[in-house]
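Just so it is clear, none of the values below were taken in a lab; they were calculated from the coordinates. If you're wondering where the values come from, they're calculated on a predicted model, not measured in any experiment. Cβ placement follows ideal geometry from the backbone for every residue including glycine, while neighbour counts extend to all protein chains displayed.
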Amino acid sequence: MNVKTLGPSTLASQLLVASLLYAGTVNAAVTEADAMKITSQYGCQACHATSTKLVGPAFKDIAKKYAGDKTAEERLQKKVKSGGSGVWGTLPMPPAVGASDADVATVVHWILSLT
Ligand code: HEC
């Protein structure tokens with residue numbers, strides 16, 4: 001086999017494997033920039049900030065509240081998708097209409113990773 005043809009195709013298949021692995025563990029490393037893109041796209045920032053309470057709780061306070069709670073990630077994904085009230089007060093959060101499961105999973109993972 002000729003090294004010139006082996007090189008690029010091996011690289012391409014490694015990149016493919018890497019991107020498939022990344023898609024399977026999309027939550028492994030969510031950057032703040034990824035999260036901010038999503039919170040801006042879906043209007044979360046109208047009611048939430050990272051460190052300050054606005055209409056809704058600060059993302060850091062949410063992380064604190066659920067620290068060590070292994071079921072929180074899934075519950076909060078559902079809560080963001082369907083909205084609700086009663087955990088932080090009487091003000092309701094509206095459902096995140098049009099947000100994909102992947103985006104919701106990404107942003108909730110990022111919120112819970114804050115300290
Ligand atoms: C109109 C204002 C508003 C918008 C827009 C909004 N939220 Fe909220 N959010 C709230 C309020 C109010 C609460 C507190 C709800 C409660 O007390 O149960 C909350 C709570 C939360 C919680 C904690 C839920 C719990 O049960 O502890 C998370 C996580 C959250 N919001 C994420 C998001 C994300 C992500 C978005 C964007 C997709 C978003 N929010 C958009 C107002 C909003």
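Could you go through region 68-81 and let me know if any residue there is assigned to a loop (DSSP other than H, G, I, E, B) and near the ligand (Cβ under 7 Å from one of its atoms). Checking region 68-81: not a single residue is assigned to a loop (DSSP other than H, G, I, E, B) and near the ligand (Cβ under 7 Å from one of its atoms). Taking first residues from region 88-109 that are of a type in the set (F, W, Y) and partners that are near the ligand (Cβ under 7 Å from one of its atoms), the Cβ contacts under 8 Å between residues at least 6 apart in sequence or on separate chains come to W88/G56; W88/P57. Residue-level check: of (1) farther than 22 Å from A29 by Cβ; (2) part of a loop (DSSP other than H, G, I, E, B), T50 misses just (1).
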